[in-house]
Every structure is written in C-alpha cells, then in structure tokens.
1. Roughly what percent of Cα-Cα pairs across the range 82-140 reach past 15 Å?
2. Can you list residues whose amide H is under 5 Å from H128's amide H, if they're 5+ apart or on another chain and H is modeled 1.01 Å from N?
3. What nm distance separates the two modelled labels at N93 and Q144, each placed 7 Å from Cα along Cα→Cβ?
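No lab work stands behind these numbers, since they all come straight from the coordinates. Quick caveat: nothing in here was measured; it's all calculated off a predicted structure. Glycine gets a Cβ as well: all are built from the backbone with ideal geometry, and neighbour counts include every protein chain shown.
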Amino acid sequence: MEDQGTTWVVAADGARMRVFEERARAGELRELPDESMGIEGGDRPQAGPHSATVHERGGLGRHGAHEHKPSQEAEARFLARVVEHLHAAAQRNAFDRLVLIAPPTALGTLRAKLTPQLSARIEASDAHERITDDAEAMRAHLRQVRAKAKA
C-alpha cells in the first residue's frame with residue numbers, strides 16, 4: 001500500500017462514531033471531532049400500532065409476532081447515517097483510504113451498507129470495540145490491524 005494520501009480510521013458502535021485522520025502511513029493520528037457523530041432521536045423508531053401477540057399452544061408462554069427490538073432498529077438507522085456521512089466525505093475527497101473498527105454486529109451492518117465508492121477505499125477492518133480509545137491507543141491498534149491484514 002502506498003505511503004501517500006490520507007487515511008481515515010473510523011471507530012463506531014451502534015450509538016457513536018469517532019474519526020481519526022492519518023496524513024502519512026504509520027504517522028500520527030489525530031481525532032476529527034467535527035466528523036464524529038452519535039445516535040439521535042430520529043434514529044429511534046416512532047411508536048406505532050401494537051403488534052400481534054402469539055400464545056404458545058402448550059404452555060403459558062407468549063411472544064410478539066415479528067417483533068424487532070427498538071434498539072436494533074435505532075442502531076441500524078444510525079449506522080446507515082454513518083455510511084451516508086462517510087460517502088459524502090469520500091465524494092469531497094476528504095480521505096483516500098478507510099479503516100473500519102467496530103464490534104462484529106455493527107461492522108457487518110456497516111459493510112452491508114457500503115457504497116461501491118467506499119468499498120474501493122477500504123484498507124482494512126477489524127471487529128473490535130474501540131470507541132473509547134484515544135489517538136495513541138488507536139494508532140497502536142491500527143498497526144496490529146495492518147499487520148494482520150498483510151498476513
């Protein structure tokens with residue numbers, strides 16, 4: 001991989017996204033607070049009609065039919081906004097390469113929603129929770145991710 005160009009390292013989970021920028025490969029990482037975002041009220045589902053309840057035939061159990069947890073729906077909406085945000089940044093050439101770091105479920109959702117333009121810029125990804133790491137801890141983790149990607 002070339003040493004020139006800007007890499008964005010995106011740490012996300014189902015509720016927050018932080019962006020770190022690396023101007024030169026293996027160089028210093030600095031956080032870009034203006035690019036960070038969090039879950040908002042619009043990501044949470046609105047109250048709707050009650051769903052059907054299914055009663056178990058052979059016992060006292062019952063459960064909702066076709067129910068999704070509201071937290072899962074909010075997370076999916078938030079992660080879709082993350083991809084939209086990254087796509088807009090790619091269109092303005094804010095970065096050349098992208099590294100995604102997120103817990104397994106969130107990372108899978110992000111990957112599924114990536115545009116072809118974003119997919120082409122992916123350098124590496126890692127299925128770990130790193131949303132609270134500072135720039136130095138993220139830099140150390142980025143070295144491990146790149147070493148693993150080479151192997």
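1. Values: 867 of 1711 pairs.
When every Cα pair of the range 82-140 is considered, 51 percent fall beyond 15 Å.
2. The list, which skips near neighbours in sequence, is A102.
3. Between N93 and Q144, the label points sit 3.5 nm apart.
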